[in-house]
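Below is one structure, written out as structure tokens, with a few remarks after it.
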């Protein structure tokens with residue numbers, strides 16, 4: 001069993017992957033191996049960039065996992081997997097999440 005390097009209610013980073021609870025309807029978990037992540041983009045949540053979206057997509061390009069507290073958060077991440085739909089994640093502790101994920105990415109620091 002993989003150990004957690006970061007964990008909150010919806011997102012867990014193990015030594016091999018990011019697991020996102022509430023990604024699929026109604027409560028399915030998406031497992032994203034670090035090897036599948038091509039880039040990680042940190043951004044400021046705004047009304048037009050995900051802040052008001054509790055779950056799903058508003059533009060059919062970005063998919064937000066279930067997070068009822070997203071409206072109270074200020075930082076989000078686009079997790080690029082080289083596919084049309086890009087997961088939008090909002091960890092409770094963005095700095096800790098980023099510190100765990102970035103070293104696993106190609107080049108270790110892609111923004």
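Per-structure values
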| item | result |
| --- | --- |
| Gap separating the Cα centres of region 40-74 and region 1-31, nearest whole Å | 17 Å |
| Percent of beta bridges antiparallel (DSSP, region 43-104, rounded to nearest 5) | 60 percent |
| Cα point-scatterer Debye curve for region 57-102, base-10 log of I(q)/I(0) at q = 0.18, 0.23, 0.28, 0.34 Å⁻¹ | -0.57, -0.87, -1.11, -1.25 |
| Share, in percent, of DSSP beta bridges within the chain that are antiparallel, nearest 5 | 85 percent |
| Residue order, fewest to most beta carbons within 10 Å, for 21, 70 | 21, 70 |
| Most mobile of 64, 47, 36 in a GNM of the chain (Cα contacts under 10 Å) | 47 |
| Exposure proxy order (Cβ contacts within 10 Å, fewest to most) of 27, 55 | 27, 55 |
| Estimated [θ] at 222 nm from DSSP helical runs (n ≥ 4, -39500 (n - 2.57)) normalised by residues in the chain, nearest 500 | -2000 deg cm²/dmol |
| Region 4-104: relative contact order in percent, alpha carbon pairs under 8 Å with at least 6 residues between | 25 percent |
| Alpha carbon convex hull of region 4-104, projected area averaged over orientations, nm² | 5.6 nm² |
| Most fluctuating residue given options 69, 83, 31, as computed from a GNM of the chain linking Cα atoms under 10 Å | 83 |
| Residue exposure sequence - 44, 38 - by fewest surrounding Cβ within 10 Å | 44, 38 |
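We did not get these values from a lab; they are worked out from the coordinates using the rules stated. Note that the structure is predicted; figures quoted are calculated from it, not measured. Positions of Cβ are backbone-derived with ideal geometry, glycine not excepted, and every protein chain shown enters the neighbour counts.
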